[in-house]
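Quick notes on the structure that follows.
The values are calculated or read from the model by the stated rules, or taken from the named source; none is laboratory data. Computed from a predicted structure; not experimentally measured. Because the Cβ atoms are built from the backbone with ideal geometry, glycine has one as well, and the counts that use them run over all protein chains shown. Just so you know, the surface numbers come from the protein's heavy atoms only, side chains and all, with ligands and any DNA or RNA stripped out. Shrake-Rupley method; radii C 1.70, N 1.55, O 1.52, S 1.80 Å.
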Amino acid sequence: MTIKRREFLTTCGLATLATQIPALTTAQGKPSLNTIRKPPRLQAGDTVGLIAPAGIVDTKDIEVAQKSISQLGLKVKLGKHILDRYGYLAGKDADRAQDVNLMFSDRTIKAIIAMRGGWGCNRILALLNYSLIGSHPKIIIGYSDITTLLLAINARSQMITFHGPVATSTWNQFTVDYFKRILFNSEAVTMQNLNPSEVRLEIITPGKARGKLVGGNLSVLSAMVGSPYLPSWNKSILFVEEVGEDVYRIDRMLTQLKTAGILNKIAGFIFGQCTNCKLGDEPSFTLMQVLQQHILPLSIPAWYGSMIGHIKDKFTLPIGVEVEIDAELGTIRMLEAAVSVV
């Protein structure tokens with residue numbers, strides 16, 4: 001992803017130590033890998049925190065975001081450093097990380113929404129207090145560069161996170177419907193494209209599969225390979241999306257996931273949307289040819305063309321929840337609710 005990637009979160013000074021403390025432990029003090037925390041659901045009147053963990057935002061962005069969030073029946077609290085600027089980042093790393101940590105520790109905040117993506121989240125991972133985050137489970141949502149935070153918090157704090165709209169997204173009926181059903185109503189929904197004629201579904205390999213839903217922006221994810229901030233890929237359902245990349249770059253990133261042993265572990269694959277992706281210099285493979293080259297040999301259910309990515313109509317995808325996919329129908333069926341009703 002070469003554009004629109006500036007979403008990073010913030011943290012406190014205790015975080016370097018915290019990254020080495022498991023969020024959940026057994027009675028013997030060993031990490032418990034089978035337990036996952038579900039954050040409480042949202043309710044009308046709740047307060048959500050807005051943060052800028054990656055790219056720069058301005059006052060107009062905040063005004064637009066506040067209006068959109070208030071129309072959901074929610075109140076807004078701004079991160080302390082949300083309007084900071086530091087080069088192309090929305091403030092210094094320690095300050096952006098601090099905003100993340102403070103939002104999780106603030107008992108008045110029920111959910112955290114990133115303002116935008118861009119670039120920056122990878123710079124603050126070592127500063128986040130994962131023990132604190134895990135002990136105060138809350139909804140955290142975003143996409144693009146926010147992928148970094150969603151995967152790291154899921155892995156290190158053993159908590160469900162959400163790949164979905166940022167505060168400056170287009171909050172249209174499609175996006176709001178999935179957001180509310182999953183995060184307000186605690187429904188286990190089946191996600192399916194609204195209008196197949198507008199969003200082309202291309203089956204790579206037919207079939208059904210079950211597994212833990214994991215993924216996000218492809219270039220952000222591939223840049224995290226080799227770090228201690230990624231969840232287990234074993235028998236997972238991997239979803240990815242991308243924007244503004246030539247096909248050969250998609251090939252390169254999928255090759256990285258393959259050589260890192262990730263693709264051989266997954267049970268299913270979904271490529272959402274590759275927005276403004278081009279062939280690049282001729283001669284070239286098509287995007288579908290590249291996907292077939294990498295995914296067909298895996299013999300797992302897979303397709304291209306889901307409502308995931310840098311698009312107006314977006315699913316809210318719960319990272320860490322068990323789902324069943326059907327590649328022929330292009331459906332993602334949640335097998336459990338992603339938030340608790342307590």
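In a simple Cβ point-charge model (Lys, Arg +1; Asp, Glu -1; nothing else charged), the chain has a dipole of about 900 debye relative to its Cα centre.
Amide H contacts of ARG37: MET159, ILE160, each under 5 Å away and 5 or more positions distant or on a separate chain (H built 1.01 Å from N in the peptide plane; Pro and chain starts excluded). When the residues ASP46, ASP61 are ordered by accessible surface, computed with a 1.4 Å probe over the protein chains alone, the sequence from largest down reads ASP61, ASP46. In segment 171-323, the ratio of gyration radius to Kirkwood radius, Rg to Rh, stands at 0.95 when only Cα atoms are counted.
The distance from the alpha carbon centre of segment 298-317 to that of segment 203-245 is 11 Å, rounded to a whole number. Put simply, the Cα atoms of segment 41-184 extend 35, 33, 25 Å along their principal axes, the longest span coming first. Pairs from the list LYS67/LYS92; LYS235/LYS258; LYS278/LYS314 with a Cα-Cα gap above 25 Å: LYS67/LYS92. Checking the a/c ratio against 1.5 first, then a/b against b/c, what shape does the Cα gyration tensor give for segment 193-280? Verdict is oblate for segment 193-280. Ordered from highest to lowest accessible area with the whole protein assembly present and a 1.4 Å probe, ARG85, ARG96 read as ARG85, ARG96. So which GluC sites (Glu not before Pro) in segment 185-261 end up in coil per DSSP with only 12 or fewer other C-beta atoms within 10 Å? Those that pass, being in a loop and sparsely packed, are GLU198.
Calculated mean residue ellipticity at 222 nm for the chain: -7500 deg cm²/dmol, from DSSP H runs with n ≥ 4 weighted as -39500 (n - 2.57), summed, divided by the residue count and rounded to 500. Calculated accessible area for segment 97-245 comes out at 31 Å² per residue, all protein chains present (probe 1.4 Å; ligands, DNA, RNA ignored). When the surface is traced with a 1.4 Å probe over the full set of protein chains, LEU149 keeps roughly 0 Å² accessible. Accessible surface for ASP326 stands near 20 Å², nearest 10, in the context of the full protein assembly shown (1.4 Å probe).
Within the chain, all pairs of alpha-carbon atoms sorted by distance into 10 Å bins from zero give the percentages 6, 28, 37, 23, 6, 0. Ligands, DNA and RNA left out, the 1.4 Å accessible surface of segment 195-251 is 48% carbon and sulfur atoms.
By definition, a body whose alpha carbon gyration tensor gives a ≥ b ≥ c is oblate when a/c is 1.5 or more and a/b is not larger than b/c, and segment 244-323 fits this oblate description. In the chain, a dipole from Cβ-located charges (positive for Lys and Arg, negative for Asp and Glu) runs towards its positive end, and of ALA302, VAL100, GLY142 it is VAL100 whose Cα lies farthest in that direction. Rounded, prolate or oblate: which fits segment 142-193, taking a ≥ b ≥ c as square roots of the Cα gyration tensor eigenvalues, rounded meaning a/c under 1.5, else prolate when a/b beats b/c? Because a/c hits 1.5 or more and a/b fails to exceed b/c, segment 142-193 counts as oblate.
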